[in-house]
Amino acid sequence: MMLTRALWVLLASAIPGLLFAPVFGLRALVPPIAAVVVACFVVVALAQRFPALRPFRPVLALVAGLLALVEVSLFGTTRAGLPTVDSVRALVAGVTDSWQLTLQSTWPVRPEPELLLFVPLLVLFVAMVGVELLRWPAAAALPSVAFLLLSQAFVAVTGVVATLVALAYAAVVACLYLSRARSAVALTVVLSVVAGLAATAFVPGTPYSVRQNQAANVPLPRTVSPLSEVAARLSNPDEEVFRYTSDGPVDRWRIVVLDEFNGITWTPSDSYRLLGAGIGPGSDVTVPTKARSARLTVPGDDRWVPSQAMPESVRGIAPLVDQDTGTLLVRDRDGTATYDLSWWELDGDLTGLRNAGVANDATVGGVGAVPAGVAELAGTATGGARPTFQTALVLERYLGDHYKVETGTKNLPTGSGWPQLSDFLLETKRGTSEQFAAAYVALARIVGIPARLAVGYRAPREAEDGTMVVRNGDVLAWPEVAIDGVGWVPLDPAGAASGAGPAPASPLAEVTEQARAALPAPDQKLPEPPVAPLEQADDTGPGVRLWLWALWGVAGLAALGVLAVLAIPVAKLGRTVRRKRFTGVRGVVGAWLEARDLLRAHGARVTPGMTARDLAAVTEGSVVDSLHRLAYHLDTALWSGAGANDGTVTGAWSAVREIRGTLAERSLAARLRAVFVYR
């Protein structure tokens with residue numbers, strides 16, 4: 001009887017582990033999970049046969065499970081099949097690092113042991129605890145229920161899969177409990193969770209995942225921006241940058257995308273993830289795509305390497321990827337990199353691009369303090385038209401018609417802050433692609449067109465000995481505009497001014513060129529874009545699937561009760577832990593954000609534009625002194641020019657601890673209210 005019930009507990013522990021299949025793939029998960037489950041079952045059987053082993057059953061199960069995991073997943077770290085120090089280190093990393101690396105990777109991840117080890121380790125822990133809880137049968141399945149909820153927090157199953165998983169888990173738990181009437185309450189609780197899981201099959205929207213706010217913690221290269229190198233590269237046009245072979249023509253190669261502008265410098269985002277086994281074209285792209293590929297050889301040690309807008313996979317190097325921009329970043333690069341790049345290219349019906357609107361939900365940066373006369377120029381360049389793709393092309397044509405590309409290799413214009421852009425737009429009207437692209441993005445944002453700046457290279461038109469060789473003279477900065485249903489569309493105002501733009505080498509480039517040719521004359525107004533019809537309300541009868549929604553309601557009420565108690569403080573704790581991991585200037589700013597949120601939770605009126613001193617001015621008590629100390633560290637980090645060292649970060653968080661200690665002296669009711677403030 002004991003062995004039978006232990007078997008059901010082990011199976012209940014394995015099911016949540018297999019639910020990580022969308023992350024790692026089922027083939028990668030089955031061997032280590034099966035090895036752990038079999039090892040635990042063997043230990044239970046031996047302890048049942050030899051009663052003297054029963055007091056040591058948890059330890060034996062742990063050791064047997066770890067040994068099985070080493071033999072199946074970490075055999076490369078063994079010596080003659082026996083674990084080594086490297087095996088122990090890998091197991092420790094599986095506890096401390098693997099889950100974090102998984103959250104910081106694109107999914108599905110590469111099914112490597114250093115990433116997936118935490119899953120079989122959790123199966124081992126849950127199985128071991130569940131077997132020991134069999135002496136209190138009502139609690140034996142509760143560890144696997146917690147593991148089930150954790151797996152759904154990583155990646156929630158939906159649709160038919162959710163229903164099948166719920167039924168399988170319910171069947172296993174029923175086999176464990178139905179023979180014991182005293183376990184009816186526990187069975188009811190477990191089946192309520194199962195009902196909630198099954199009901200997710202019919203809940204619309206994208207499920208939440210703890211991965212959503214995670215990114216690889218990697219500092220951006222502290223080197224000269226590729227944008228500011230444009231003039232220097234044009235001054236030495238024949239130097240080779242990289243070479244490639246591809247399965248078809250290519251328009252351009254991107255190195256970095258710069259989407260933040262403060263009026264002085266253009267900077268990239270830092271939302272990088274480890275590039276997993278492969279990624280899709282993106283949820284904002286509704287046009288069919290096709291896969292393209294190329295092999296690149298890139299000498300040097302620059303951490304940014306050539307990429308495309310929608311990379312799918314990379315072989316030969318292990319880069320990080322910014323999925324929003326397609327930028328690839330290689331950590332600790334040393335020497336020539338040779339890699340195979342696959343990417344997605346739009347390949348559907350793009351005829352509607354000509355009349356498409358801009359993607360109003362696209363995230364772009366600001367423009368800083370706009371100089372006098374520039375906003376008026378932006379309105380003139382676009383004719384005051386509403387933001388659409390045609391308006392974006394009109395702005396491109398305006399720059400091409402009224403401005404000239406500076407040629408030669410000496411005395412080329414440099415700089416892309418407002419002082420240089422204002423001089424380019426209002427005075428000299430001559431520049432390189434650096435000034436053309438930066439000016440376009442700034443003007444586009446002023447009139448409401450979401451735009452960003454990319455730096456890379458035009459693809460050469462002729463091969464050299466069967467290989468395409470990209471040189472300094474091919475360097476190019478260009479703007480990209482966000483178009484509804486299509487994504488980011490590259491433009492080329494510098495090419496329009498010089499007539500040296502790339503030949504259309506993709507369906508998107510061809511349709512863009514056709515849209516340029518179809519623009520009305522400059523002295524004619526653009527036609528008003530059609531107004532989208534209102535969406536029709538869903539008139540499905542209320543009786544359809546009523547019993548399913550009732551089931552969801554019952555399970556949802558139970559889940560909401562638990563979430564109301566745990567989710568908010570747990571989320572706050574996770575946010576605090578994440579902020580404390582920041583270093584440098586981000587660490588000081590994280591301390592300020594923590595202090596602001598603490599005071600807001602305790603009733604302080606905090607507005608988005610408040611500084612630490614502003615908040616101190618409207619606060620009373622000893623918190624004021626702590627805020628002034630925090631303000632000093634913020635000034636040092638943000639405005640002194642020296643940045644922030646470890647002492648500055650420590651001082652900022654010390655001020656936060658003082659604030660937290662002061663707030664802890666308030667009444668219990670006030671502190672409880674602050675714990676459950678959800679903002």
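Read the figures in this text as sums done on the coordinates, not as results from a lab. In this text the structure is predicted, and so the values were computed from the model without any measurement. Here Cβ is always computed from backbone atoms with ideal geometry, including for glycine, and neighbour counts include all displayed protein chains.
Brief remarks on what is shown
- Normalised contact order of the range 354-517, rounded percent, pairs of Cα under 8 Å and 6 or more residues apart: 28 percent
- C-alpha long axis of helix 389-402 to longest principal axis of the chain, angle in °: 40 degrees
- Averaging the sequence gap over all C-alpha pairs within less than 8 Å and six or more residues apart, then dividing by the number of residues, gives the chain a relative contact order of 11 percent.
- For the range 574-624 versus the range 460-520, the spacing of their alpha-carbon centroids is 46 Å.
- Length gained when the stretch ALA139-LYS410 is fully extended (0.36 nm per residue, less Cα-Cα span): 89.7 nm
- The angle between the Cα long axis of helix 184-199 and the longest principal axis of the Cα atoms of the chain comes to about 20 degrees, rounded to the nearest 10.
- Put in order of Cβ neighbour count within 10 Å, fewest first, the listed residues GLU462, GLU510, GLU312 become GLU462, GLU510, GLU312.
- Look at the dipole of the range 354-517 built from charges on Cβ: of ALA369, ALA505, THR407, the Cα furthest out on the positive end belongs to ALA369.
- Whichever lysines have a C-alpha closer than 22 Å to that of LYS580, once near sequence neighbours (fewer than 8 apart) are set aside: LYS572
- Calculated FRET efficiency, SER246 to ALA617, Cβ-Cβ distance, R0 = 51 Å: about 0.25 to the nearest 0.05.
- Computed extension length for ALA369-ARG315: 15.1 nm, one decimal, from 0.36 nm per residue of separation with the Cα-Cα distance subtracted.
- Anisotropy class of the chain from Cα gyration tensor, a/c 1.5 cut: prolate
- Cβ-based exposure ranking for LEU134, LEU426, in which fewest neighbours within 10 Å come first: LEU426, LEU134
- Computed from label points 7 Å out along Cα-Cβ, the spacing between GLU462 and VAL675 is 7.5 nm.
- Each Lys and Arg adds +1 at its Cβ and each Asp and Glu adds -1 at its Cβ; summed about the Cα centre, the chain shows a dipole of about 3080 debye.
- For the range 433-470, the list of trypsin sites (Lys or Arg not before Pro) that fall in a loop by DSSP and count at most 16 other C-beta atoms within 10 angstrom reads ARG461.
- Spatially proximal lysines relative to LYS429 (Cα-Cα < 23 Å; intrachain offsets below 8 disregarded): LYS404, LYS410
- For GLU528 and ALA642, a Förster radius of 41 Å and the Cβ-Cβ distance give a FRET efficiency of 0.15, rounded to the nearest 0.05.
- Helix 623-639 axis, angle to the chain major axis (alpha carbon atoms, nearest 10°): 50 degrees
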